[in-house]
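Values quoted throughout were computed directly from the atomic coordinates according to the rules given, and no laboratory measurement underlies them. All figures in this text were calculated on a predicted structure; none of them were measured in a lab. Methodologically, a virtual Cβ is constructed for each residue, glycine included, from the backbone with ideal geometry; neighbour enumeration extends over all protein chains shown.
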Amino acid sequence: MRLRNSSRSWGLVARALHWIIAVMIVGLFATGWLAENESNRDASLILLRNHFQFGVILTGLIVMRVLWRLSDRSPEPLPGEPPWRERMAQSVHGLIYVLLIILPVAGYIVLVHKKVDMTVFGLFTVPTLFTPSVEDQGLWAGAWYVHYFAGWILLGLLGLHIGAALFHQFVLRDGLIRRMTG
């Protein structure tokens, strides 16, 4: 299997990043949702701590994925794929990337406002790039809402993405999923 993409399929690097990021998104959504709905404060803080630490790792992987995507060609559209469906897929992918950038930025703003320890697995500390005003709760609240709703929008777009892949697999039977699975 080749590392780089071909005209027909995604390469090993793109595939690995795709599936690792997919699993991490599921885990981050779960820990975020569980933390928000956990009545035990200590358990909620542990979930949020894990959400943050894995979120930092995911952010690094997203940066790698974007840089790889910019440096390597994408496979050609499937033969016979209508242009409107190709544009729709590109739009959904673009929105997913935008949200995967917005989410960690908004989460970071919330944590800086909360003055949370931003050490990641004891390996390094995410630097504090600004000092929020104690009186200004608007930035914190706005960032929290952006993070919260962007997460739900991302979940909806991922549902659309998965639904489209399954449509290709089971209705069109055009082999689209093999391009990302091997």
Taking the convex hull of the alpha-carbon atoms of region 79-149 and averaging its shadow over every direction gives an area in square nanometres of 7.3
Summing -39500 (n - 2.57) over every DSSP H run of at least 4 residues in the chain and dividing by its residue count gives a helix-only mean residue ellipticity at 222 nm, to the nearest 500 deg cm²/dmol, of -24000 deg cm²/dmol
Once normalised by the length of region 80-144, the mean sequence separation of its alpha carbon contacts under 8 Å that are 6 or more apart gives a contact order in percent of 34
Measuring from its Cα centre, the chain shows a charge dipole (+1 at each Lys and Arg Cβ, -1 at each Asp and Glu Cβ) which, in debye to the nearest 20, is 780
Of the convex hull enclosing the alpha-carbon atoms of region 1-42, the direction-averaged projected area in nm² is 3.9
In region 1-93, the chymotrypsin sites (Phe, Trp or Tyr not before Pro) that sit in a DSSP loop and have at most 10 other Cβ atoms within 10 Å of their own Cβ are none
A student asked for the Cα radius of gyration and Dmax of the chain in angstrom ought to give 18.7, 58
